[in-house]
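Only one structure is covered here, and it is reproduced in the block below.
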Amino acid sequence: MVGARLTRPYVIIATMPGREDIFQKSMNEGHSAAWDQEWNKAAVAYRRALQEMPDHPKALNSLGLALYQQGNFEEALQIYKRASQVSPEDPLPMEKLAQLLERIGHLKDAVDIAARAAELFLNQRDVDKAVENWVRVTMLDPDNVMAHSRLALAHERLGHKVQAVTEFIAVASLVQRTGNIQKTAELVNRALHLLPENEEAKQAQALLRAGQLLPKLLRPKGGTDPLEMTQVTDLDRRT
């Protein structure tokens, strides 16, 4: 991953776990400030909490959110990176890393990290969040066969037949360009099996029979807001 230079050093004074009461009081103050959108106060409180427990995952994630809301993207990136190191099986900081990397223009890294976040969400059986991150991958890298394939299978499993057909055709289009016509036909047939009357699938079959290239799937470009305000409502529950 491409590291970003810190604008404000992330320094934790304490080297051993501190007092639980001070930590919890600071976290509560941070959550209260975050609820009121007083992000500077929230960041100060979360830093104070981290002085007591330097590698506490929830404190790191909360500080990352506060820093983002202040526009301090580079330090937020470093905080979420640390959170992902502390809790490598937690998809949340990985997801936020991908969103921040996209925000600062490190798109290749954003693609790689979003794909990892999707797999971590899938490991937790959160298919909807996995889908969200695979969609992010395909928005940033439209020719990513793996992400389209994972989306096709996920939508098929969830019963989202129209979306599954779209993704199977997207994979077929990419596979066709590698010269594997047999696999392309299998993917188109799978889409038709899901929805025999689907116009997109029927058109793909007609193009394939005519020896023409299938169109690539086009998604609207432009990222979503990486860290939505709705996360604030979840702070208390996650502490």
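The values are calculated or read from the model by the stated rules, or taken from the named source; none is laboratory data. Just so you know, these numbers come straight off a predicted model, no measurement behind them. Because the Cβ atoms are built from the backbone with ideal geometry, glycine has one as well, and the counts that use them run over all protein chains shown.
Being in the same structural domain as Trp39 (by TED's automatic domain parsing) and in contact with a Leu (Cβ under 9 Å, 6 or more places away or on another chain) narrows it down to one of Leu97, Leu101, Leu107, Leu77, so name that one.
Only one candidate passes the filter, namely Leu77.
Has segment 174-184 got at least one residue that is in contact with a Lys or Arg (Cβ under 7 Å, 6 or more places away or on another chain), within 25 Å of Leu92 (Cα to Cα) and at pLDDT 95 or above?
The answer is no, given that none of the residues of segment 174-184 is in contact with a Lys or Arg (Cβ under 7 Å, 6 or more places away or on another chain), within 25 Å of Leu92 (Cα to Cα) and at pLDDT 95 or above.
How many residues are touching a residue at least 24 places away in the same chain (Cβ under 8 Å) and buried (at least 20 other Cβ atoms within 10 Å of the Cβ) if we restrict to segment 83-105?
Here the count works out to 13.
Among the residues of segment 50-81, write down those that are in a helix (DSSP H, G or I) and over 22 Å from Arg136 (Cα atoms).
Leu50, Gln51, Glu52, Pro57, Lys58, Ala59, Leu60, Ser62, Leu63, Ala66, Leu67, Glu75 - these are the residues of segment 50-81 that are in a helix (DSSP H, G or I) and over 22 Å from Arg136 (Cα atoms).
What are the residues in segment 131-171 that are over 12 Å from the mean Cα position of the chain (by Cα) and either acidic (Asp, Glu) or not in a helix (DSSP H, G or I) (or both), if any?
Asp141, Pro142, Asp143, Asn144, Glu156, Gly159, His160, Glu167, listed by residue number.
Just to be sure, is Val111 surrounded by fewer than 17 Cβ atoms within 10 Å (Cβ to Cβ) and aliphatic (A, V, I, L, M)?
no
Just checking, how many residues over segment 114-134 are over 16 Å from Tyr80 (Cβ atoms) and buried (at least 24 other Cβ atoms within 10 Å of the Cβ)?
So the count comes out to 2.
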